[in-house]
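Okay, structure first, notes after.
The values are calculated or read from the model by the stated rules, or taken from the named source; none is laboratory data. Not measured: the values here are computed from a predicted model. Quick note on the areas: whole protein, heavy atoms, side chains included, nothing else; ligands and nucleic acids left out. Shrake-Rupley method; radii C 1.70, N 1.55, O 1.52, S 1.80 Å.
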Amino acid sequence: MGGNCLKSRGKKKDDENLYEGSKDQSLNLSSKPENPKAAVKGNQPKSWEIRKAGLKREDFEFVLRENETLIKPPGSINGQRFVIDSCKNCNIFLADFCDSVEVDDCVGCSIFVGPCSSSVFVRNVKECNIVMIAQQLRTRDCKNLLVLLYSQTFPVIELTDEIKFACYQGPNYEGLEEQMARAKLNIWNNKWSEIYDFNPPAPNAPRHYSLYPSDAPEVYVFVQDFFHRLEHSDFANQRLDVATFCDTIPLTTGLAPVPGTENILVVILPSSVMYAKDLIPSFARQGGVYLKRTRVMKLSKDQISNLFLNNPHMKSLSTPFADREEFLFLSFTGEGTDAAVQDMLDAIYT
């Protein structure tokens, strides 16, 4: 695997500039959706479908609950829609694959949402902390939230203020990877920091949201408290390992500000994408080096040619690339990035 990664380096700048010259948006890590108002539509079951399947609606909702710890373990939701409504000061853990999740009119709750194949809708929610994995997050009429997020599409906020975003940090538990596969979520395509605001602020006014790196004090305090609550609940007794963080999803800084001026793009070639998961534990911050963003992209032959046209390493590859093959892009930033990334790759690929 020694020849199966390429690097591009330069001064720190927006990731999209690394692909300057490409006219295809699939190479632009920050391209906005053509129609951001279009919601991601899931296959939400109708009432008669739930009855026909022999399911009980009350098994797929937490409504009007207060000062409780509420848990849905793996296998208990099984791809159905789930509703959290009018809960106050609750700890809520949905550790299963969902079709969609609706969170409405909640105050003072900590909520964990496992892999969701369509949207998580958060409406009229105040002073809550949310850890979630979803195709998309959509908020409306919310205030004072902290969200640790995996979102495969651009998160959308509307009439929302004082919301803090950070990359997903959650617990390991049995079946998480399988749940993500069922939800058709790619671990490398987390766009947690690429927020679309329906109601942008006036010029020179502060944004309605903030982006935090994973080691920010606000994030650290919440994560420690979150795990403490898990360890002292029935969550820990239901095939769920709460002693370690999830190492399935790479921890990235996204568009959050981090120190440093060096920026390096590493390209993992198709024959090695399957092995790249072994790199995830090494992606934690090392000596001021941060993993900024990751993407898996299918490239056409023309895109491949344009991207690697003048790269001397391409001449050493014995197998030509097929059309629409998957490449993995890893963007690193920080001080001493070049040497640190080279050492990391050498340790893995040699």
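Checking each residue in the range 79-92 for being open to solvent by 20 Å² or more (accessible area, probe 1.4 Å), part of a loop (DSSP other than H, G, I, E, B) and farther than 23 Å from E178 by Cα picks out S86, N89. Of all residues in the range 85-141, exactly one satisfies the criterion of being among the aromatic types (F, W, Y) and within 14 Å of the chain's Cα centre (by Cα), namely F112.
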